[in-house]
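Since the structure comes first, as structure tokens, the remarks are kept for the end.
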Amino acid sequence: MPRAVEPRPLSQEERVLAEFLLSAEFPGRDELKSQLESAEVVGVCECGCGTVDLAIKELAVRAVCREPIPAEAYRSALDVMLFVRDGLLCSIEIVDYEDKRPLSYPRPDDLKLWVPPLGQPRARPSR
């Protein structure tokens, strides 16, 4: 469960992961990419998984996209999900099914990017 922190810029690892998730083609992506420039981390998960809550510190064009998760990435026993609320970036959630702690931050080279098809159930290809 994320706990509030003093707003701070995204770390290099967080930014690289967000940019990777936003490299996928999906409706609203360009607006979300522009929001990333003014995104701040305002919460971190206490369990050590690397999940962060985001806030957009400047006025931004809201994205019209699939909510709450327009894009995600995965590898064996790990999911990374980009969350959007009301057209604004709101979190990057990392779920480690092996529950390893401390969890090394996921690198894009180790992940497969996936965008759920519009109008269809969220059934991702098998890991």
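Coordinate-derived values only; no laboratory data. On a predicted model such as this, the values are computed, not experimentally measured, just so you know. As a convention, Cβ positions derive from the backbone with ideal geometry for all residues, glycine included, and neighbour counts pool all protein chains shown.
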Just want the answer: with Cβ charges of +1 for Lys and Arg and -1 for Asp and Glu, which residue in LEU82, TRP114, ILE92 is farthest toward the dipole's positive end in the chain? TRP114
Using 12 Å as the cut-off for backbone N distance, which residues of region 40-62 belong to the label zone defined by a point 7 Å from the Cα of ARG3 along Cα→Cβ? 44-48
Quick check: pseudo-label points 7 Å beyond the Cα along Cα→Cβ at ALA24 and GLU98, how many nm apart are they? 2.3
By average C-beta atoms within 10 angstrom, highest first, the peptides 90-96, 73-79, 106-112: 90-96, 73-79, 106-112
If you wrap a convex hull around the Cα atoms of region 2-114, how much volume per residue is inside, in Å³? 92
What FRET efficiency comes out for the pair GLU13/ARG85, r = Cβ-Cβ distance, R0 = 22 Å, nearest 0.05? 0.45
Could you give the nm distance between label points at ASP110 and SER76, where each point is 7 Å from its Cα heading toward the beta carbon? 1.2
